[in-house]
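Student: One structure, pasted below without further comment.
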Amino acid sequence: MTCNFQVGMKVVCVDDKFSGGWDRIVKTPVKGKVYTIRQLLTFKACTGQVVTTVLLEEIVNPVRQWDSGLMEAGFVPRRFRPVVQRKTSIEIFKDMLNPVRERADA
């Protein structure tokens, strides 16, 4: 899976269902909460598969020994989506303040 995230990007957690007691081992993200990507880690798992995980500014876990080596626990990108920044416009409210003009042919 390709990770299109970048360091500094704001993301929102969309899946906080961790299994196997994972959330008792490390601090985990909460669904609906916004986080900032601190680092992207790509490594070869003990299965031989190349895995990318994200580390978050708001969650720092201790470095510990895992099957894949000594590292901080990260989270798979599928648990997050980018935060969509919407451009704020007050034009609709300005239009509401303008009086309604009657049609000339009415």
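Each reported figure results from applying straightforward, stated rules to the coordinates on display, with no laboratory input. This one's a predicted model, so the numbers in the text were calculated from it and none came from an experiment. Every residue, glycine as well, gets a Cβ built from its backbone with ideal geometry; the counts of neighbours run over all protein chains shown.
Student: Could you check region 25-85 for strands (runs of 3 or more DSSP E) lying wholly inside it with 2 or more residues that are surrounded by 13 or more Cβ atoms within 10 Å (Cβ to Cβ) and more than 13 Å from the chain's Cα centre (by Cα)?
Tutor: Of the strands (runs of 3 or more DSSP E) lying wholly inside region 25-85, those with at least 2 residues that are surrounded by 13 or more Cβ atoms within 10 Å (Cβ to Cβ) and more than 13 Å from the chain's Cα centre (by Cα) span 34-44, 50-56, 69-72.
Student: Next question. Conditions: (1) closer than 15 Å to VAL76 by Cβ; (2) among the hydrophobic types (A, V, I, L, M, F, W, C); (3) under 11 Å from the mean Cα position of the chain (by Cα). MET9 meets all but one. Number of the miss?
Tutor: Condition (1) is where MET9 drops out.
Student: Does at least one position in region 15-25 carry a residue that is in contact with a Leu (Cβ under 7 Å, 6 or more places away or on another chain) and under 18 Å from MET71 (Cβ atoms)?
Tutor: no
Student: When you go through GLY8, GLY32 one by one, which is the residue that is under 17 Å from VAL83 (Cα atoms), touching a residue at least 24 places away in the same chain (Cβ under 8 Å) and among the small types (Gly, Ala, Ser)?
Tutor: Criteria check complete, one pass: GLY8.
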